[in-house]
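Data block below; observations after.
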Amino acid sequence: MEIVSAIVVKSLYKIFGKRADKALEQLRAGRDDTLPALGATGAVVDANFEVRRGEIFVVMGLSGSGKSTLIRMLNGLLPPTSGTVEIDGVDITRLKPAALRKVRREKISMVFQHFALLPHRSVLENAGYALEAAGLPRAQRREQAMEALRLVGLDQWADKLPQQLSGGMRQRVGLARALAAGTDIMLMDEAFSALDPLIRREVQDQLLDLQAQLGKTIVFITHDLNEAMRLGDRIAVMRAGRIVQIGTAEEILTDPSNDYVAQFVADVDRTRILTASSVMERPLGVVDENSGPRVAARVLRENQISAVYVTGRGQTVRRHRLRRRHRTGDPRRPADAARRRHDRPGPGGGRGDPGRGAVRAVRRESTPAGGDRRHRPPRRRDPPDHAAAGARRHRHGADRRRRCGRCRHRQRCDR
């Protein structure tokens with residue numbers, strides 16, 4: 001059976017101090033405040049997480065939060081006080097030194113913060129150093145090292161010494177050395193923190209391009225929140241040796257687990273992280289345009305909603321409403337609804353103008369014959385003839401003193 005997770009960490013502790021065993025008991029009991037009295041420091045406390053194959057898993061936290069200690073336990077450079085670290089299903093905490101070195105050579109490579117290049121060796125020799133330690137022939141390791149340098153854009157600098165390169169170029173040599181080893185897992189301990197902002201962004205772009213081509217499993221350590229949000233498929237936030245939250249950048253921004261995480265991400269520009277899909281919701285009611293109003297009414301009743309989305313050919317979406325009075329069968333519904341529809345001001349500003357992009361409501365009622373008919377708006381009256389009205393008022397005013405002897409009304413009389 002194929003193992004989905006490349007790295008699995010379970011209940012991992014690392015405690016520095018002479019009384020580490022006693023301090024471990026106190027930590028498991030939840031008595032963190034007793035560690036100073038024991039002369040112990042909990043660098044990593046009860047870490048549990050998995051790293052999936054082909055993802056960039058970023059561990060983020062402030063200085064002293066335990067990030068570098070954690071990553072050094074993932075390849076066995078630091079033995080844990082308690083817990084397990086599984087690489088491709090193998091618990092490396094139980095391996096003997098020879099077997100552990102084999103795992104490092106074949107499965108794990110590391111990129112350090114301060115480059116860790118050999119100053120007396122050329123760029124090509126530094127890129128192929130891991131292959132030399134593995135005992136590969138000279139011609140083979142030169143070929144693989146040159147290919148790795150070509151991936152990072154330094155094949156023209158293969159014969160130069162490290163001191164002849166810029167900081168960004170030296171870091172790319174370290175990245176080429178990890179790529180030349182051909183391992184599936186790469187550990188990067190604040191690999192870009194020593195670079196200038198412009199160079200750092202350039203190297204970040206190159207790492208993302210390489211990841212798209214090669215699909216490595218990368219554990220990336222950083223204290224830069226923007227870098228974590230930009231690179232990480234998932235992010236683990238650490239505080240005082242503990243992992244307080246694991247999730248995607250959107251999950252951490254929109255749903256922080258506690259006040260510490262909320263303050264940590266308070267100044268992040270959310271427009272660079274969140275997309276339209278972050279605020280979209282799946283509609284509760286969707287019907288086909290050929291279904292008819294009875295189907296739409298049933299969907300409204302079943303989901304207890306006031307509107308449904310009608311989809312047709314080409315997935316064009318229209319929103320239709322069904323008024324509550326129509327559902328209860330009020331006989332006043334058609335005329336009242338028609339009057340409201342044509343008298344209310346629309347987004348365009350005028351009455352009866354629904355405005356651009358307004359939702360058109362479809363209303364029906366049941367007739368005595370059992371069929372359905374669409375109601376049209378009431379017929380408007382002709383505009384009044386103001387000239388004729390003025391003439392009538394003038395005539396009545398002139399004849400006001402004359403009254404008919406028979407009917408006693410004010411009107412023109414022939415008698």
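The values are calculated or read from the model by the stated rules, or taken from the named source; none is laboratory data. This structure is a prediction, so every number in the text was calculated from the model and none was measured. All Cβ positions, even for glycine, are placed from backbone atoms using ideal geometry, and neighbour counts span all protein chains on display. Note: areas computed on protein heavy atoms with side chains; ligands, DNA, RNA excluded. Shrake-Rupley method; radii C 1.70, N 1.55, O 1.52, S 1.80 Å.
For the range 151-187: of the residues being among the basic types (Lys, Arg) and within 28 Å of Arg72 (Cα to Cα), which is surrounded by the fewest Cβ atoms within 10 Å (Cβ to Cβ)?
Arg170
Here's the yes/no breakdown for (1) closer than 25 Å to Leu74 by Cβ; (2) loosely packed, with under 15 Cβ neighbours inside 10 Å:
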{"site": "Ser109", "(1), (2)": "yes, no"}
{"site": "Leu118", "(1), (2)": "yes, yes"}
{"site": "Gly135", "(1), (2)": "yes, yes"}
{"site": "Met146", "(1), (2)": "no, no"}
{"site": "Leu149", "(1), (2)": "no, no"}
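Going by the structure shown, is Pro80 under 29 Å from Leu149 (Cβ atoms), in a loop (DSSP other than H, G, I, E, B), more than 33 Å from the chain's Cα centre (by Cα) and touching a residue at least 12 places away in the same chain (Cβ under 8 Å)? Don't jump to the end; show me each part of the working.
Working: under 29 Å from Leu149 (Cβ atoms): no; in a loop (DSSP other than H, G, I, E, B): yes; more than 33 Å from the chain's Cα centre (by Cα): yes; touching a residue at least 12 places away in the same chain (Cβ under 8 Å): yes.
It is false that Pro80 is under 29 Å from Leu149 (Cβ atoms), in a loop (DSSP other than H, G, I, E, B), more than 33 Å from the chain's Cα centre (by Cα) and touching a residue at least 12 places away in the same chain (Cβ under 8 Å).
Please find, within the range 255-310, the residue that is nearest to Glu227 (Cα to Cα) out of those that are open to solvent by 70 Å² or more (accessible area, probe 1.4 Å) and among the aliphatic types (A, V, I, L, M).
Val279
Do we have Leu70 as touching a strand residue (DSSP E or B) at 6+ places or on another chain (Cβ under 8 Å), over 20 Å from Thr222 (Cα atoms) and in a helix (DSSP H, G or I) here?
Here the answer is no, as Leu70 does not meet what is asked.
Taking the criterion of being assigned to a helix (DSSP H, G or I), under 26 Å from the mean Cα position of the chain (by Cα) and at negative phi, would at least one residue in the range 58-65 satisfy it? Break it down into steps so the answer makes sense when it comes.
Keep residues of the range 58-65 that are assigned to a helix (DSSP H, G or I), which gives none.
No.
Counting only residues that are open to solvent by 40 Å² or more (accessible area, probe 1.4 Å) and outside any strand (DSSP E or B), how many does the range 225-249 have?
Counting residues in the range 225-249 that are open to solvent by 40 Å² or more (accessible area, probe 1.4 Å) and outside any strand (DSSP E or B) gives 5.
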